[in-house]
Amino acid sequence: MRITSQTVGAFQENCHLVVDERQNRAVLVDPGAEPERILRALKASGATLDAIWLTHAHVDHVGAIAAVRRAHDVPIYLHPADRPLYDRADWQAAQYGLPFESPPPPDRELADGDVVSVGDVEFRVLHTPGHAPGHCVFEGDGVVLAGDLLFAGSIGRTDLPLSDPRAMTESLARLAALDPALVVHPGHGPSTTIGRELETNPFLNGIARVVQR
């Protein structure tokens, strides 16, 4: 499996292209902006796009969906608790004065414990609310596609509409219990590992210490 990331848009969001090289199949995770760049990266990969997976529906994670869908008629996966954010992504964009094309409705509902695949590679869906009510992460093949749950040295905001600090704490505790060797590909900033964040991230290691008591 190969993961390449494009950092796009005003919020410098990471769109991840996940490719199973054996089957030459791909998914896009959180195509947030600059669809031309994302589509060029997909074409350069030589892989066939099978789906769009969304960790959540904040505007910086969904802004390129409409253009990607015009080029590739693939299903969009989203947890239903984030549908209110998804349906008002144009309003979110307007608050920041950003141009925005509303995406088509999602096709598939994600749920905690689901297994989604790209080629032969399987990912487990973990529902991790807090930053957004329907936030999910995708864990499989030694990596976590973490969206805005965990960053290198930080975590996602919980002061946004529909955010929930208590749920965020519970979701981070769940992430802290995963294999420390897992590589984390976040929605913003550089990649890291669970183990590194347990050692150095004050938000994550503080929660881990409380859970272990």
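Return a yes/no flag: does segment 90-105 have any residue that is among the hydrophobic types (A, V, I, L, M, F, W, C), more than 30 Å from Ser171 (Cα to Cα) and free of Cβ contacts under 8 Å to residues at least 12 places away in the same chain. Scanning segment 90-105 turns up no residue that is among the hydrophobic types (A, V, I, L, M, F, W, C), more than 30 Å from Ser171 (Cα to Cα) and free of Cβ contacts under 8 Å to residues at least 12 places away in the same chain. Of all residues in segment 114-131, those being farther than 19 Å from Arg2 by Cβ and part of a loop (DSSP other than H, G, I, E, B) number 5. Of the residues making up segment 2-18, those that are among the hydrophobic types (A, V, I, L, M, F, W, C) and over 17 Å from Val137 (Cα atoms) number 3. Scanning segment 56-76 for residues that are small (Gly, Ala, Ser) and surrounded by 24 or more Cβ atoms within 10 Å (Cβ to Cβ) yields Ala57, Gly63, Ala64. For segment 146-157, residues that are surrounded by 21 or more Cβ atoms within 10 Å (Cβ to Cβ) and either touching a residue at least 60 places away in the same chain (Cβ under 8 Å) or assigned to a loop (DSSP other than H, G, I, E, B) (or both) total 5.
So that you can scan it fast, the table gives a plain yes or no per residue for (1) touching a residue at least 60 places away in the same chain (Cβ under 8 Å); (2) touching a Ser or Thr at 6+ places or on another chain (Cβ under 7 Å); (3) more than 22 Å from Pro84 (Cβ to Cβ); (4) surrounded by fewer than 23 Cβ atoms within 10 Å (Cβ to Cβ):
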{"residue": "Gly142", "(1), (2), (3), (4)": "no, no, yes, yes"}
{"residue": "Asp159", "(1), (2), (3), (4)": "no, no, no, yes"}
{"residue": "Ser163", "(1), (2), (3), (4)": "no, no, no, yes"}
{"residue": "Leu172", "(1), (2), (3), (4)": "no, no, yes, no"}
{"residue": "Ala177", "(1), (2), (3), (4)": "no, no, yes, yes"}
{"residue": "Val183", "(1), (2), (3), (4)": "no, yes, yes, yes"}
{"residue": "Thr192", "(1), (2), (3), (4)": "no, no, yes, yes"}
{"residue": "Asn205", "(1), (2), (3), (4)": "no, no, yes, yes"}
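Just to be sure before I move on: is Asp82 surrounded by 15 or more Cβ atoms within 10 Å (Cβ to Cβ), charged (D, E, K, R) and touching a residue at least 40 places away in the same chain (Cβ under 8 Å) in the structure I sent?
So Asp82 fits the description; yes.
Every condition in (1) over 22 Å from Asp114 (Cα atoms); (2) in contact (Cβ under 8 Å) with a residue 40 or more places away in the chain; (3) surrounded by fewer than 22 Cβ atoms within 10 Å (Cβ to Cβ) is met by Gly46 except one, and the failing one is (2).
Just so you know, all these numbers are worked out from the coordinates, no wet-lab data involved. Predicted model, so just to flag it, every value in this text is computed and none were measured. Neighbour counts run over all protein chains shown; Cβ positions are idealised from the backbone, glycine included.
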